[in-house]
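Structure first, commentary second.
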Amino acid sequence: MKILFFVMALAIPLCSWSQGYPNRAVRVIVTFPPGGTPDIYGRIMAAELQKAWGQPVVVENRTGAGGTIGTDAVAKAAPDGYTLLFAADATVTLAPSVIAKMPYDPVRDLTPIVNVTSGAFVMMAHPSFPANNVAELIALAKKQPGRIPYASSGAGGQQHLAMESVRSMGGIDLVHVPYKGFGQGVTDVLANQVPLIFGGVNASIGYVGGGKQKALGVTSAKRVKALPQVPAIAETLPGFDINAWYGFLGPANLPRDIVLKINADSRAIIARPDFQERLARDGIEPEGGTPEAFAAQIKADLARWAQVVKAAGIKAE
C-alpha cells in the first residue's frame, strides 16, 4: 500500500504539469534583428498569447551566427514552457547543412510546437535589367555565362540557395555576391551595382509596388496573392518550390500537455479572420497544424536542403 501511494504521489505532478501554465512570464527568443518577418510575427504572436494567458510574454532578440546562438539558447533551456523559440526555418533546417560544427541537433534538441506562417521569396531585379522574367533571365545568362552577378544576404542562406536552385535547374552560370544581410544587398541592387536579389515577399512588396525593383518570379509553387501579376518560377522551372516558415519550438522533452496547449492557443489565433487579413497584406500564408505535422515538415526540409547544398557545391564552414 505504501509503495502504491508513493507511485501515485509521483504521478500527480506529471499529470498536472501544465495545470495553471503559464503562471509567470514566458520568454520568446527571436534569432533575427527587429523589423524582419520572424521579429514582426514573433511579437504579434507573443502579444496575442499574452492576452490569452494573462501573463507576460516577452520577446528577446538574440541574434548572431545566422540565428544559431539564439536557437542554441532555447535548446539548452529548461523544458518547462517558459523559454520558447519563434524560429525562421533556416536556423532549424538549413544551418545543419552549411555549418560544420552545429551547437545543437534540431531533431534531438528541439520540440516542434506549431508552424504559424510561411511565405515565398521574390526574385527582384533593378528596373534597367534586360530580363523581365525567369525565362528571359535564363536565356540572357546562357548568352553571357559567368557574367551576371546576383546579391544575397550571405553565403549559405536561403536567398543564396534559392538562386543556386535557379542556376542548377536552369543550367546557367551566375556570379554570387554575398552581403551581410538583405538590407546591404538590396541597397546595392537599388543602386544598380548588382542587378539581382531574392527578398522575402513581405519585404519585397514595397520595392516592387513602388517601382524601385521589378519582380521576375516568386519561389512558391504557385503565384502569391499579394503579387498575382508575378509568375511563379515553377512556371518556367517545373517543380521549383521554396518557402520560408516561421513557427514555435521549445527545448527537447517539453511536456506533451504544454506542447498541446501552446499549439491549440496559437492555432486559435491563426484561424482568426483579422490575423489572416494581416498575413494577406504581408503576402504570407497561414499555417497551423499539429506538432507531429510540424516535426515531419522539419525532417523533410532537413533532407531537402542537404540535397540543395550538395548540388550547389557549398561546403560546410
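The values are calculated or read from the model by the stated rules, or taken from the named source; none is laboratory data. Note that the coordinates shown come from a computational prediction; the quantities given were computed from them, not determined experimentally. Backbone-built Cβ (ideal geometry, glycine too); neighbour counts: all protein chains shown. Side chains included, ligands, DNA and RNA excluded: accessible areas come from the protein's heavy atoms. Shrake-Rupley method; radii C 1.70, N 1.55, O 1.52, S 1.80 Å.
If region 125-238 were replaced by its equivalent ellipsoid, with semi-axes equal to the square roots of 5 times the Cα gyration tensor eigenvalues, what would those be, largest first, whole Å?
After scaling each eigenvalue by five and taking roots: 18, 17, 14 Å.
At a probe size of 1.4 Å, how large is the accessible area of Ser165, to the nearest 10 Å²?
20 Å²
Enumerate the lysines that Lys222 could reach by cross-link, defined here as Cα to Cα under 22 Å, with residues fewer than 8 away along the same chain left out.
Lys214
Can I get the semi-axes of region 188-268's equivalent ellipsoid? Compute them from the C-alpha gyration tensor as square roots of 5 times the eigenvalues, in angstrom, largest first.
35, 16, 13
Tally Lys/Arg at +1 and Asp/Glu at -1 over every other residue whose Cβ is under 12 Å from the Cβ of Ala141; what's the total?
Counting the neighbours of Ala141, the net charge comes to +2.
Kyte-Doolittle cut-off 0.0, length cut-off 15 Å along the helix's own axis using Cα: show which whole DSSP H helices in the chain pass.
Helices passing the filter in the chain: 2-15, 256-270, 291-312.
Could you give the size of the charge dipole of the chain about its Cα centre, using +1 on the Cβ of each K and R and -1 on the Cβ of each D and E, expressed in debye and rounded to the nearest 20?
140 debye
Given Phe182, Met169, Leu216, which one lies farthest toward the positive end of the charge dipole of region 86-237, if we put +1 on the Cβ of every Lys and Arg and -1 on the Cβ of every Asp and Glu?
In region 86-237, that residue is Leu216.
What pairs in Lys261/Lys315; Lys142/Lys315; Lys180/Lys212; Lys261/Lys310; Lys180/Lys310; Lys143/Lys225 have C-alpha atoms more than 30 Å from each other?
Lys261/Lys315; Lys261/Lys310; Lys143/Lys225
What percentage of all Cα-Cα pairs in the chain are separated by more than 37 Å?
20 percent
Points 7 angstrom from Cα along the Cβ direction at Ala268 and Ala52: gap in nanometres?
Distance between label points: 0.6 nm.
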